[in-house]
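Worksheet: the structure to be examined is printed underneath.
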C-alpha cells in the first residue's frame, strides 16, 4: 500500500514523538489539513501495520516502531542523507529497477528498497526467494568513476558492509563465503549480486548496481532451502528491518566514500581475510570445463580467490566455489 504525502508526514510525526500522545487538532493545524484527513490517514497507517493507540482528549500515540521498510521508517533510522531513497511495496527486482532509474537519470548513491520481489535474482542465474514482511531487498547505485579493472572488490566491500551491519545491530558474527554469500551457522543469510551498466557509446562502466538480499525475520524455509538458508531471527538475532537497512546504507556510504576499494587497500583485504569462512578450507571450483578440488589459501589484491590445486596456486575470479561444511556441501 503506497502512502500519500499526508500519510508520510503523519508517520514521520509519530516516529519523532514515539510514546507521546499527539492531539488530532494539533496535528491538523501543524500539517494544514482537516481533522477528518488526520483520522483517515491514521486509519490507513493502521491498515499498513502501524500499532497506534488513540482515545478521546488524548490523540494518537505510536505504541512501537513497525517492522516496515517504508520511507518514513527507513528515514527515521537513516537520518539526513543527500542521495535519494526509493521505496516500493513490490518490485520485480531492485536491480532491474536500478537499471530503469539509471536510464531515466538518477543520482549517485541512490538506494532502492522493496518489501518483496517477484523476480529476485541470484548469482549464476539462480532466483532469490524474496517474500514480503521478512527480508531486506536493497540495491545501491554507485558511479564508480574508474576503469572496469578496478571494480573487482565492489561485491566484497558490500559483503563487509553487510557483516558489519548485522553484527552491529544484533551481536551475531556473520562471515563471508567468497565471493558473495554472507554466512551464519553454516547457512546463507544474505546474497550479493553486482550488475555493471556500461555506456552505450564508449563501453566504459557508468554504474554499478549492487543488489543485496538479507533474510531477516523468516522462521522457516521451503524444504529445498532448509539446509542452505537461515535468517537473522533463526540465528538468534532480533532487529527491525529498517534499522538494519539504515545501518547497511551508512556502512556502504562510508566504505565507498573512502575509495580504497579501487586500489586494493590492504586494510580492506585484511578485513576480508579475517571475515572469510572460505580460506583454509577444502573447496571445489566448478566452471564450464568441469570441477577441480583444492584448498583456499588467500585473497588477492584484486579480490580473486587464491586456491592451491594439485599443480600449484592459481587465482580464481569466476565460477562456483563450494566450501566443505557450508550450504549443505559435505565434501
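Which FRET efficiency value, to the nearest 0.05, is calculated for residue 25 and residue 298 with the Förster distance at 56 angstrom and r the Cβ-Cβ distance? Write down the numbers at each step before the final one.
On the way: r = 66 Å, r/R0 = 1.18.
The value I calculate is 0.25.
Taking Cα pairs under 8 Å and at least six residues apart, what relative contact order does region 5-64 come out at, in percent? Don't skip to the end; give the middle numbers.
Values: 65 pairs, mean separation 27.6, N = 60.
The normalised contact order for region 5-64 reaches 46 percent.
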Quick shape check on region 199-331: root eigenvalues a ≥ b ≥ c of the Cα gyration tensor, a/c under 1.5 is rounded, otherwise prolate if a/b tops b/c, else oblate, and it reads oblate
Let me know the volume per residue of the alpha-carbon convex hull for the chain, in Å³.
145 Å³
Quick one: angle between helix 241-258 and the longest Cα principal axis of the chain, in degrees between 0 and 90, rounded to 10, please.
50 degrees
If the elastic network links every pair of Cα atoms under 10 Å, which of 105, 213, 237 fluctuates the most in the Gaussian network model of the chain?
105
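Sorting 115, 311 on the 10 Å Cβ count, fewest up front, what's the list? Intermediate results must be reported in sequence, preceding the final value.
On the way: 115 21, 311 8.
With the fewest neighbours first, 115, 311 line up as 311, 115.
For the chain, give the share of DSSP beta bridges that are antiparallel, in percent and rounded to the nearest 5; count only bridges with both residues there. Mind showing how you got there, number by number?
Working: 54 of 62 bridges.
Percentage antiparallel, nearest 5: 85.
Once fully extended, how much extra length lies between residue 289 and residue 54, figured as 0.36 nm per residue of separation less the alpha-carbon to alpha-carbon distance?
78.0 nm
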Which of these, 245, 217, 16, has the largest mean-square fluctuation under a Gaussian network model of the chain (Cα springs below 10 Å)?
16
Subtracting the Cα-Cα distance from 0.36 nm times the residue separation, let me have the gained length for residue 39 to residue 104 in nm, one decimal.
19.7 nm
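Suppose R0 equals 25 Å. What FRET efficiency, 1/(1 + (r/R0)^6) with r the Cβ-Cβ distance, do residue 196 and residue 314 give to the nearest 0.05?
Numbers: r = 25 Å, r/R0 = 0.98.
Calculated transfer efficiency: 0.50.
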Potential lengthening between residue 224 and residue 2 on full extension [0.36 nm per residue; Cα-Cα distance subtracted]
76.6 nm
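Counting alpha carbon pairs within less than 8 Å and at least 6 residues apart, what relative contact order, in whole percent, applies to the chain? Intermediate values should be presented prior to the final figure.
Numbers: 643 pairs, mean separation 44.9, N = 331.
14 percent.
What ranking of 76, 281 emerges when the number of other C-beta atoms within 10 Å of each C-beta is taken as an exposure proxy, fewest first?
Values: 76 20, 281 17.
Taking fewest neighbouring Cβ atoms as first place, the list is 281, 76.
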Cα-based equivalent ellipsoid of region 282-323: semi-axis lengths in Å, sorted from largest, via gyration tensor:
15, 12, 9
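Arrange 56, 118 by Cβ neighbour counts within 10 Å, fewest through most, would you? Could the numbers behind the result be given before it?
Numbers: 56 5, 118 10.
In order of increasing Cβ crowding within 10 Å: 56, 118.
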Would you mind classifying region 5-64 by shape? Square roots of the alpha carbon gyration tensor eigenvalues, ordered a ≥ b ≥ c; an a/c under 1.5 is rounded, otherwise it is prolate if a/b is larger than b/c and oblate if not.
rounded
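Please tell me the relative contact order of region 60-162 in percent, rounded to the nearest whole number, where contacts are Cα pairs under 8 Å and at least six residues apart.
Working: 130 pairs, mean separation 24.5, N = 103.
So the answer I get is 24 percent.
Laboratory data are not the source of any read-out in this text; all were calculated from the coordinates shown. Note that the coordinates shown come from a computational prediction; the quantities given were computed from them, not determined experimentally. Please note: Cβ atoms are built from the backbone with ideal geometry, for glycine as well, and neighbour counts cover all protein chains shown.
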